[in-house]
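A short worksheet on the structure shown next.
The values are calculated or read from the model by the stated rules, or taken from the named source; none is laboratory data. From a predicted model like this one, the values you see are computed outputs, not experimental measurements. Here the Cβ positions follow ideal geometry from the backbone for every residue, glycine too, while neighbour counts run over all protein chains shown. Just the protein is used for accessible areas: all its heavy atoms, side chains included, with ligands, DNA and RNA removed. Shrake-Rupley method; radii C 1.70, N 1.55, O 1.52, S 1.80 Å.
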Amino acid sequence: MKILVANIGSTSLKWRLFHFVGEQEQMLHKGGLERVTDYPQAIRTCLEQLQQAGHIQHAADLAAVGFKTVLARGITGCVRLDERVLQAMEAFNSIAPAHNPPYIAGIRLFAQAMPGVPLVGLFETAFYQWASPAAQRYAVPESWYDLGVRRYGFHGASHKYIAERSAELLGREDVARRVRQLYVDGGTTPVRSPALRVISCHLGGSSSITGLRDGIAVGNSLGMSPQSGLPHNNRVGDLDAFALPHVLRQTGMTLEEAERQLCKESGLKALSGGYNDMRDITARAQQGEARAQLALDHFVHAIRHWIGAFLVELNGADALVFTAGIGENDFGLRAAVCRDLDHLGIELDPALNQQTRAQEAVISSPHSRVKVMVIPTNEELVVARETRRLLIKEQEGLS
Ligand code: AMP
């Protein structure tokens, strides 16, 4: 079974082709286009590249195309992307303005380019369905909740990958099996005691932290929108709700301009004075630029805040995992996050930390109670796996 996973940006298309034979899984092809102005042409180029590489003859050779969809009103999980789902995504365009509109447009173009090929979305919110009701609420009037004002959580594909892989690496196949089965049985696969407690830190262009008890997310630092939680490269992170009306009243700024500034001109970019790549921010901080140092310090402060929240929620941790572009590569940031946490059982091995880039490794000292790990994430693989599972479930339902 060949499944294409398409990652849609407003001006980019990236893809990976996976091949499943029984329980064997293989990535056959990886490609992408930047600065896309003609999206239908970009989809044709993607198919041509798969044909030229000899992986498919026609689009119909694809069992499905999977998408890492972000958020839809009243819908989550892994679902077929029919018109009903696209409209539910549209209904939440204003919550995910950088994500939903390009995805909806791109999915419609894929449907035109390859009629008959199932299009499937794994929603980024899906992984948090089993968090407690308390962790999914804001303290707003019921009428606001009815409009969708609640905590959803995002980066579900990435944190699910970390939940499964960390369990495998920690010798807890029982927990890994539960994570694999999650969207089939809703987390009822039995696991043994003691509970496996993992804190997963996805630190990249956008960032979030999740607490995992026996592979199930107890919450996520991202709340109602992908602009919340930790500060992101250019998106704001958590902000007091009263900041927005205050700025609008004081300046006469339009709501649209305020939204643009919160989505494109905030986060680490705002604090550092214009840099939104951690490598640039670190270099400027090392050269003594105070604003770059402030951006770094604020990021570390926010990360430690959320790690602390999940340490309490989970009654400690067995592992603290770093993943995504910054988490996998930036040993200086990992060191800053783990500084002075020995009383909580977190002690890095400086040499192991420094030599670990984008590879699986334990970077804590042997006597650290909490294992600190680096695990490169693989969100596309999670989308492909869940897409395959949905197709199999549908086929079983028909037979
Ligand atoms: P991601 O969203 O996971 O693709 O992460 C992208 C971000 O990771 C970039 O914007 C950089 O800030 C950061 N990044 C990538 N490589 C490094 C590195 N070697 N050191 C520090 N940060 C990095």
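Brief remarks on what is shown
- Take every pair of alpha-carbon atoms less than 8 Å apart whose residues are at least six positions apart; their mean separation over the length of the chain yields a relative contact order of 14 percent.
- Taking 25 Å as the straight-line reach from the Cα of LYS269, the lysines in range (excluding those fewer than 8 positions away in the same chain) are LYS14.
- Separation between Cα centres of the range 62-116 and the range 298-374, rounded to whole Å: 35
- Per residue accessible area in Å² of the range 230-280, where ligands, DNA and RNA are left out and the probe is 1.4 Å: 60
- Sulfur and carbon atoms: percent of accessible area, the chain [1.4 Å]: 51
- Based on protein heavy atoms only, the range 23-123 ends up with 48 Å² per residue of surface accessible to a 1.4 Å probe.
- Sum of -39500 (n - 2.57) over DSSP H runs of 4+, divided by residues of the chain (222 nm, nearest 500): -12500 deg cm²/dmol
- The GluC sites (Glu not before Pro) of the range 1-39 that DSSP puts in a loop, and whose beta carbon has at most 14 other beta carbons within 10 Å, are GLU23, GLU34.
- Straight-line cross-link reach from LYS68 at under 16 Å between alpha-carbon atoms covers these aspartates and glutamates, not counting any fewer than eight positions away in the same chain: ASP82, GLU90, GLU124, GLU379, GLU380, GLU386.
- Computed FRET value (nearest 0.05) for GLU90 with HIS367, which takes r as the C-beta separation and R₀ as 56 Å: 0.60
- Phi-based couplings in Hz for the range 284-294 (Karplus 6.51, -1.76, 1.60; Gly and Pro marked x): 5, 4, 5, 7, x, 6, 5, 5, 5, 5, 5
- Rounded, prolate or oblate (a/c below 1.5 giving rounded, otherwise prolate when a/b exceeds b/c) for the range 228-293 by Cα gyration tensor: prolate
- Remark: the range 53-64, residue by residue, has Karplus-estimated 3J(HN,Hα) of 7, x, 7, 9, 9, 9, 4, 5, 6, 7, 5, 5 Hz, where x stands for each Gly or Pro and the curve is 6.51 cos²θ - 1.76 cosθ + 1.60 at θ = phi - 60°.
- Normalised by the number of residues in the range 203-275, the average gap of Cα pairs under 8 Å and 6 or more apart makes the relative contact order 26 percent.
- Close amide-amide hydrogen proximity is noted between LEU222 and PHE154, ILE209, each under 5 Å apart and 5 or more residues distant or on a separate chain (H modeled in the peptide plane; Pro and chain starts excluded).
- Take the chain and mark each of the trypsin sites (Lys or Arg not before Pro) that is in a DSSP loop with at most 11 other Cβ atoms within 10 Å; the longest unmarked stretch, sites excluded, is 193-399.
- Residues with amide H under 5 Å from that of VAL372, placed H, sequence gap 5 or more: LEU320, ILE363, SER364
- Three-way shape call for the range 46-197 based on the alpha-carbon gyration tensor, with the a/c threshold at 1.5: oblate
- Over 30 Å (Cα to Cα) - which of LYS160/LYS264; LYS2/LYS371; LYS30/LYS393 fall in this group: LYS2/LYS371
- Using θ = phi - 60° and Karplus 6.51 cos²θ - 1.76 cosθ + 1.60, couplings along the range 237-243 (whole Hz; Gly, Pro as x): x, 4, 8, 4, 4, 7, 5
- Shape call, the chain: gyration tensor on alpha carbons, a/c limit 1.5: rounded
- Point-to-point label distance, THR37-ASP61, nm (Cα→Cβ direction, 7 Å offset): 3.2
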